[in-house]
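The values are calculated or read from the model by the stated rules, or taken from the named source; none is laboratory data. Keep in mind the model is a prediction, meaning the values are calculated, not measured. FYI the Cβ positions are ideal-geometry reconstructions off the backbone, even for glycines, and counts take in every protein chain you see.
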Amino acid sequence: MLIVLASLLYGAGPVSAAQAFSALTGDGTSDATFVVTELRLPRTLIAMTTGLALGLAGALLQSMTRNPLAEPGLLGVSAGSGFAVALAILLGATTTTLTTLVAQAGALAGCALVIATTRVQGLGNDPVRLILAGATMTGLLLALTSMMMLMDQRAADEIRFWITGSVAGKPLAILKATLPSIVLALTLIVLVARPLAAMALGEKAALGLGHHPGRIRFLITITVALLVGSATALAGPLIFVGLVVPFIARAFSGPDIRKTLWLCVPVGPAVVLGADVISRLVAAPAEMPLGVVTALIGAPVLLTIVRSGRMPSL
Amino acid sequence: MSHTTTATLAAEHITLAHGQFTVAENLSIRLPPEKVTAIVGPNGCGKSTLLNGLARIHKPRSGSVLLDGKDIHRLPSKDVARKLALLPQDNSAPEGLTVADLVRFGRQPHQGWMKQWSVEDQQAFEAAIRAADVSDLSERALDTLSGGQRQRAWIAMAVAQQTPLLLLDEPTSALDLGHQIEVFELIRTLSQQGKTIAMVVHDLASACRYADHMIAMKAGEVIEEGAPAHIVSPELVRELYGVQCDLIPDPSTGSPLLVNVRRCT
């Protein structure tokens, strides 16, 4: 709640917190009202949705790969999604709906690749090696994206805007375009939560309890793709959010993925919105890109997890 | 513990294969009801594959596994899970998961979308905790327990499923002697309460001691089947493991006891 308020009150533009507050209570100047309701409110909503989507996607990926480091940004799912968007922009795509679908297709390809990778004998058991594989893929996709930027100046400007990750200046229309996917993903999560929890006991044990591991894996892949694709369409390929949010949620929820997922619902939006507020304040009156802030917050968390010596097993 | 149902499990002419490699061909077995069956044999003889086949984890290339006379692969997995519980060898649990958390998972086959945790679930849960004697441990995290305690917790989960059939894949493989006895005695108790149990056992001596029925396998074939006292002989031991031994009846139970085990000369 406080972060939501802060997001509405502080930010660039010649509007003071006091003026913004007046606008919220209904008697502000027309300028202030415009800034708050037309610029900051959509931005707040977009940031929160992005956080929700990435937090849940991270928790799902970590649970399924049984790897506390599995994160859409680090594993190349976001990069796959970003690459698909960049390709679409290069080919002249503009509409928000198209971007969302493209982002989801890219995320699906990336996610399927990750799941396939974890099935390779030996790789799935080593959290760090999986991350290295993801980093390799991310690097490759980023290089390809950069190449596209060199090919076309107009596209380059738009792509650059995506790549750093930002929730500023995005129209509410894009939120509407992603909403059906988010709702669908949430429904799938409700359906798959109980079997997914059983998968933590091992695949055979899950089957022994009457579940279908292959089916669960398929549904999770679709869900993660929907979530990451939506988040990328909203804010670009943000890294570390999918790592930090479940990390915080798990600290309170304990080992049950069902509780972790529930806790990601408030924690995800809070983390991204908090990062967005920081991005506005830290270099005011200019802004630091949101992607930079999440990276600055996430990198130490990653190092802490890796350095803590014993990786929490999921 | 009450079991309102019994169930039969049998394999009819099943052929099990890993990819191109055929592990076992044309096997037919039947688990004697309310008895403990031990599947024994040297490493790589296909005993775990057979158990996985019976548990529907490994789908046979031909032939069928029949649960109450019906092909197990045509039955809904959840229905099977109400009749057949499984303790796999390579199980794992997330860090911090408590014994109570684990045992609650055993109720999943009985739950549905609309049907959350019921009075029945709670009763089955409590009965399973008591049966496996893990009441004092129920709030402890699995990773803080000894191997024997942890295995008892897993068995409690399978007991909470309230199935007439229980399959265990090497339930004592990583345990020291004391913990092995702990687990085997629990298995015997469960069988006396009416469960039909099959387990893969590495150690022939334990199989002789704790099983009512033994299936001896070598190179994918069942070479002998029956009560341990009837089928275990120096010849069988030699054929299975390539070692010589003498057999005497256990003074307290009468089950065959392997002594003077030595390499063949």
(request) Just name the residue that is nearest to the chain's Cα centre (by Cα) out of those in region B:48-83 that are facing another protein chain (nearest Cβ under 10 Å) and assigned to a helix (DSSP H, G or I). (result) B:52
(request) Residues being farther than 21 Å from residue A:73 by Cα and either in contact (Cβ under 8 Å) with a residue 24 or more places away in the chain or not in a helix (DSSP H, G or I) (or both): count how many of those fall in region A:242-276. (result) 4
(message) Which numbered condition in (1) touching a residue at least 12 places away in the same chain (Cβ under 8 Å); (2) surrounded by fewer than 21 Cβ atoms within 10 Å (Cβ to Cβ); (3) under 25 Å from residue A:56 (Cβ atoms) is the only one that residue A:155 fails?
(response) (3)
(message) Please go through (1) among the charged types (D, E, K, R); (2) within 14 Å of chain B (Cβ to nearest Cβ); (3) more than 30 Å from residue B:53 (Cα to Cα) for residue A:129 and return the number of the only condition it doesn't satisfy.
(response) (2)
(message) So residue B:86 ticks every box in (1) within 14 Å of residue B:157 (Cβ to Cβ); (2) assigned to a helix (DSSP H, G or I) but one. Which box is left unticked?
(response) (2)
(message) For residue B:209, only one of the following conditions fails: (1) more than 22 Å from residue B:54 (Cα to Cα); (2) in contact with a helix residue (DSSP H, G or I) (Cβ under 7 Å, 6 or more places away or on another chain); (3) among the basic types (Lys, Arg). What is its number?
(response) (2)
(request) Specify the residue that is farthest from residue B:219 (Cα to Cα); the eligible residues are those in region B:237-262 that are of a type in the set (Gly, Ala, Ser) and loosely packed, with under 14 Cβ neighbours inside 10 Å. (result) B:252
(request) Looking at (1) closer than 21 Å to residue B:212 by Cβ; (2) surrounded by fewer than 16 Cβ atoms within 10 Å (Cβ to Cβ); (3) of a type in the set (A, V, I, L, M, F, W, C), find the lone condition where residue B:119 falls short. (result) (1)
(request) Could you tell me whether any residue of region A:50-66 is part of a loop (DSSP other than H, G, I, E, B) and surrounded by fewer than 24 Cβ atoms within 10 Å (Cβ to Cβ)? (result) yes
(request) Could you list, in sequence order, all residues of region A:193-216 that are hydrophobic (A, V, I, L, M, F, W, C) and buried (at least 21 other Cβ atoms within 10 Å of the Cβ)? (result) A:196, A:197, A:198, A:199, A:200, A:201, A:205, A:206, A:207, A:209
(request) All but one of (1) touching a residue at least 12 places away in the same chain (Cβ under 8 Å); (2) more than 22 Å from residue B:240 (Cα to Cα) hold for residue B:76, so report the exception by its number. (result) (1)
(request) Could you list, in sequence order, all residues of region B:84-116 that are more than 7 Å from chain A (Cβ to nearest Cβ), touching a residue at least 12 places away in the same chain (Cβ under 8 Å) and either closer than 17 Å to residue B:52 by Cβ or of a type outside the set (Lys, Arg) (or both)? (result) B:84, B:87, B:89, B:98, B:99, B:100, B:102, B:103, B:106, B:110
(request) Would you check if there is a residue in region B:157-178 being surrounded by fewer than 17 Cβ atoms within 10 Å (Cβ to Cβ), at pLDDT below 95 and assigned to a helix (DSSP H, G or I)? (result) yes
(message) I'm trying to understand the selection: among the residues of region A:202-227, which are outside any helix (DSSP H, G or I) and over 15 Å from residue B:77 (Cβ atoms)?
(response) A:202
(request) Among the residues of region B:79-106, write down those that are over 16 Å from residue A:257 (Cα atoms), among the charged types (D, E, K, R) and buried (at least 21 other Cβ atoms within 10 Å of the Cβ). (result) B:83
